[in-house]
Each structure stands twice: as C-alpha cells, then as structure tokens.
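Report on the following structure.
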Ligand code: BG6
Ligand code: MG
C-alpha cells in the first residue's frame, strides 16, 4: 500500500532539464570545453558544483581554476539558468503532472520534493504548485547527493512515511540509483536515454493511473 509520493523536479515535474543543458553548454564553451547532450545525461540529478567538477574533468581543465574561481563559474552558470527560467509559468508543467498531484491531494497522500536543485522553491512557486508539496528537501543540508539515497530517505522522513511505502519519480540515472538504494519503488520518467534500473518506466505522467499505483 503506497502512503507517500516523492518527486524529483527537473525533468519530472517541469522541463527545466533542457535549460540546465543550455546554461552548462554556454559556460563550458566559454572555457573551451566541448559539451553535448550525451555527456549532459551524466549530469542529471547531480548538484551544481559537482556538475562543474565533472565538466572540468571531461574537458581536462580540472587543475586550472581555484576554488574561488570555480564558485564564480558555478554562479555564472546559475545566472544563465535563471535567465532561461524567467519566462517559466504553469504552462510548463509536464503533461499529466498537475492532475496527478491534484488527485494525490484529494486522497490525502503526502507529496515531497527531493531535488538537487537549490532553485526548487522558486520554480515550484513560479509554476504555482508549491501548495501540493508538504516538504521540500534542502539539498544544501545533505552530506551526499544522488546517487546516495540520503535525499530520498530525508524526504520520506519529512512526510513521515517509511521508504518501502513510498513511490519515487525520477528522470536521472543517479536518481534511480538513489531510489533503489533507499528501498523506494522507482518510477522512471524517460526522456533521452533508458533508465534500466527503474521498477517501472514511462514517458510521462499521462501513462500513470494514481488509483492503480496506490493499491
Ligand atoms: C538537478 C538537475 O535537479 O539539479 C541538475 O538535474 C542540476 O542538472 C541540479 O545541476 C542542481 O540545480 P541548481 O538549480 O541548484 O543549479
Ligand atoms: Mg531530474
């Protein structure tokens, strides 16, 4: 019996995954690093600063920048990202998501957000769906990011539902791994590559029926 729902944000609730890609690509190209969609897949679900480290390693530039310079690069990427986000509105909620969370609310099933993004509260507010989530994990409070299960275990704790009674929704390989390790049933929202370790995979929430899921 499912008693709680835990959602990743980028690429699950809203199509911001493409904006992260564009912002990182702009920054990477400025520091002369090639950046393509295939490499971008390995950054999904990964925090801002860890993503930058992976990009620098990928471009063989890992020893060039000081810690302070890296902070500035991460900030610059976030500025590009926020600029792309400026026009975001409820019309950008991915298909089927709004119906799904509305039904969860009617059924009194608590919902939480477990996203690596520090921009999650701002985005939920812009989408006008923040009142559907009783908890948003603060990613800066975690010891380890995805694929570590900590973020999902924290979300389960915040909604007061044991992990094995929760269902989690993820679009990233790292996020599915985190759900697997947390002992949470993992539903993969597939965009680009496959998510082989998901317990179930769909292309959008329109393929999901909350009544069968809650049984
Ligand atoms: C994740 C995205 O949800 O959040 C990553 O999949 C992103 O691509 C990470 O890097 C951190 O986001 P932000 O908004 O804090 O830079
Ligand atoms: Mg995601």
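Computed values, structure above
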| read-out | value |
| --- | --- |
| Protection proxy ranking of 4-10, 35-41 - average other beta-carbon atoms within 10 Å, highest first | 4-10, 35-41 |
| Residue 102 versus residue 66: modelled label distance in nm, points set 7 Å from Cα along the beta carbon direction | 5.4 |
| Using alpha carbons only: equivalent-ellipsoid semi-axes of the chain, gyration tensor based, whole Å | 30, 18, 16 |
| Gain upon complete extension [residue 36, residue 181; 0.36 nm per residue less C-alpha separation] | 49.3 nm |
| Chain lengthening between residue 214 and residue 201 when straightened (0.36 nm per residue, less Cα-Cα) | 3.0 nm |
| Helix 150-159 axis, angle to the chain major axis (alpha carbon atoms, nearest 10°) | 40 |
| Stretch gain in nm, segment residue 138-residue 125, where the contour uses 0.36 nm per residue and the Cα spacing is subtracted | 3.1 nm |
| At R0 = 45 Å, FRET efficiency that the Cβ-Cβ distance of residue 164 and residue 78 yields, to 0.05 | 0.80 |
| Gap separating the Cα centres of the range 23-48 and the range 64-122, nearest whole Å | 17 |
| Long-range tail of P(r) for the range 16-85 (Cα pairs > 14 Å, %) | 54 |
| Cα gyration tensor shape for the range 97-142, rounded if a/c is under 1.5, else prolate or oblate | oblate |
| Segments 48-60, 196-208 sorted - mean Cβ within 10 Å per residue, highest first | 48-60, 196-208 |
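Quick note: the coordinates plus some simple rules give every number you see, no bench work behind them. Bear in mind the structure is a predicted one, so any value in this text is a computation, not a measurement. In this analysis, Cβ positions are derived from the backbone assuming ideal geometry, glycine residues included, and neighbour counts consider all displayed protein chains.
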